[in-house]
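Here the structure comes first, spelled out in structure tokens, and everything after it is commentary.
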Amino acid sequence: MKRNLCWIRRDLRLHDHHALSMALKNAEETFLVFIFDTNILDKLSDKNDKRITLIMDALLEMEKTLNEHGSSLIVKYGDPKIEIPALARELQVDAVFFNRDYEPYAKERDAHVEKKLRALGIDVHQFKDHVFYEKNEVLTGQREIYKVFTPYKNKWLEHFRAQDSIVPEYKCPLKKLAPFKNQHSLLQKDWFKETGFNKTEVLITGGTTPARSRLKNFSKSINRYKEARDIPSLNMTSLLSPYIRFGNISIRDMIRTAVQSNDEGSLTWLSEIIWRDFYQVILDVYPKVENHCFKTEYDRIKWTGKKEHFQLWCEGQTGFPIVDAAMRCLNETGFMHNRLRMVVASFLTKTLLIDWRFGERYFAEKLLDYDMAANNGGWQWSASTGVDAQPYFRIFNPWNQSEKFDEEGKFIREWCPELKEFSNKKIHYPHETDMVEQAQAKCVIGKNYPFPIVSYKVQKEKALAMFKAIS
Ligand SMILES: Cc1cc2nc3c(=O)[nH]c(=O)nc-3n(C[C@H](O)[C@H](O)[C@H](O)COP(=O)(O)OP(=O)(O)OC[C@H]3O[C@@H](n4cnc5c(N)ncnc54)[C@H](O)[C@@H]3O)c2cc1C
């Protein structure tokens, strides 16, 4: 009898799962394992990290479904380089199946695990699942990867249409799962206690059921995405990023929704999904971007920003209301709207003159949807150091961004309540109000809310000089 082990990692679901589908197809019995990877968890300093709760939600949901099929989820806590080969041997499986992950640590880990398994005579099968197209699939005429997004996107779409826009679905008939293994059951143990993390309040519930319902809801307003996606207070983006990050739905689930209608909203949304593929390819092919500028010369920039300004940026106390509202929202919820990510990233790098790597790391600690490829891509785009980044002389004016994308100050009022009594106009510039206006708004600038910590105009000139010194 043939037995397989499917190792799930950032693909916490039981449907449309490439590796699971192939494992089930090729054996009479398939076991499923998830490992709380201590190499990753040990680096998380916050024991209330919300992402652990999201992972746990998803695992419990999966375990319930598996139990209903007379099977169970094996959950372990440790180093996968040791745990996977040991488990594969204990269960006497013929092969281990998993989906590819393109982050540098994951690639190194997976290569190590594969080597060990092969030495034990156990086969290893890896699959594309996390992206729609991998690095070798969308290439220039010279068979090189694209370093500019628009031609990449056009080629991506050309490929997609050439396959009749068919989105494959990897069926997972759960009846071929291995029988229940009581000693490994997640529900039998207090995994929060074992891992040292606490269950926390999170804005959303993890798992496939809430992910599907969000996708369904979003599909009803997808036609308005193009016009509404830049206004944070409207909440008109899908908010699916934490779900796709943990693989509670598949990228194919999202693309299926995007191609159901042919309106501008759906096409714009599909374009964002293509950005996701683009950055995954960049990280896969250029792993150095994890710590270095994609444009190597910019590693020589002398960032002159101040440590205390970084702290105020983190806390949402810069005196720039739109920046502060966005950072407070991130700190509280673990989410930030895309427009605001661009605003605060541009502000940190080109107004406070602080190295993008500090901001990137802060986001990595806080974002529910933290994904190295997208986060690194977004930060390096904003800092002008990345692949197909905005040119260095394009510097977001935080005052204009505020007025343009939060015209009535709705978002600012939500996250900076001390400013809520100012008029729609003045809420963007509270430091320009006089004492009477401040008394009326019950907010004294310098006491209840800070003065701007820097002058945007002065800093802009310094930023230009900083980049020019390299160019
Ligand atoms: C500085 C900065 C940091 C970022 N960090 C991350 C991150 O850690 N994780 C992350 O998933 N996204 C990141 N993004 C991209 C983007 O902001 C989020 O994907 C988006 O805000 C998530 O909200 P949504 O699901 O409602 O997106 P929607 O607008 O509904 O987009 C649908 C999906 O497309 C993908 N997507 C959208 N925009 C981008 C983009 N610019 N790059 C790559 N993928 C995209 C996401 O998977 C998203 O869920 C970052 C952007 C910037 C500027």
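The values are calculated or read from the model by the stated rules, or taken from the named source; none is laboratory data. Everything numeric in this text was worked out from a predicted model, so none of it was measured. FYI the Cβ positions are ideal-geometry reconstructions off the backbone, even for glycines, and counts take in every protein chain you see. Areas reflect the complete protein model, heavy atoms only, side chains present, ligands, DNA and RNA absent. Shrake-Rupley method; radii C 1.70, N 1.55, O 1.52, S 1.80 Å.
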- request: Determine whether region 244-265 contains at least one residue that is in contact (Cβ under 8 Å) with a residue 24 or more places away in the chain, open to solvent by 30 Å² or more (accessible area, probe 1.4 Å), small (G, A, S) and under 30 Å from S45 (Cα atoms).
  value: no
message: Is it the case, given these coordinates, that E290 is of a type in the set (D, E, K, R), touching a helix residue (DSSP H, G or I) at 6+ places or on another chain (Cβ under 9 Å) and either modelled with pLDDT of 95 or more or surrounded by fewer than 22 Cβ atoms within 10 Å (Cβ to Cβ) (or both)?
response: yes
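Table: residues versus (1) surrounded by 14 or more Cβ atoms within 10 Å (Cβ to Cβ); (2) not acidic (D, E).
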| residue | (1), (2) |
| --- | --- |
| F411 | yes, yes |
| K420 | yes, yes |
| K425 | no, yes |
| H428 | yes, yes |
| D434 | no, no |
| Q438 | yes, yes |
| P450 | yes, yes |
- request: State whether one or more residues within region 161-171 are on the phi > 0 side of the Ramachandran plot, surrounded by fewer than 12 Cβ atoms within 10 Å (Cβ to Cβ), outside the structural domain of M1 (by TED's automatic domain parsing) and over 26 Å from the mean Cα position of the chain (by Cα).
  value: yes
message: Exactly one condition in (1) more than 11 Å from the ligand (Cβ to nearest atom); (2) closer than 26 Å to M466 by Cα; (3) surrounded by 22 or more Cβ atoms within 10 Å (Cβ to Cβ) is false for D299; which is it?
response: (3)
- prompt: From the list E114, E108, E134, E90, which one is open to solvent by 10 Å² or more (accessible area, probe 1.4 Å) and closer than 19 Å to G247 by Cα?
  reply: E134
query: Of everything in region 212-241 that's near the ligand (Cβ under 8 Å from one of its atoms) and of a type outside the set (G, A, S), which residue is most open to solvent (accessible area, probe 1.4 Å)?
result: R229
field: Single match in L352, L348, L367 (criterion: over 21 Å from P104 (Cβ atoms) and within 10 Å of the ligand (Cβ to nearest atom))
entry: L348
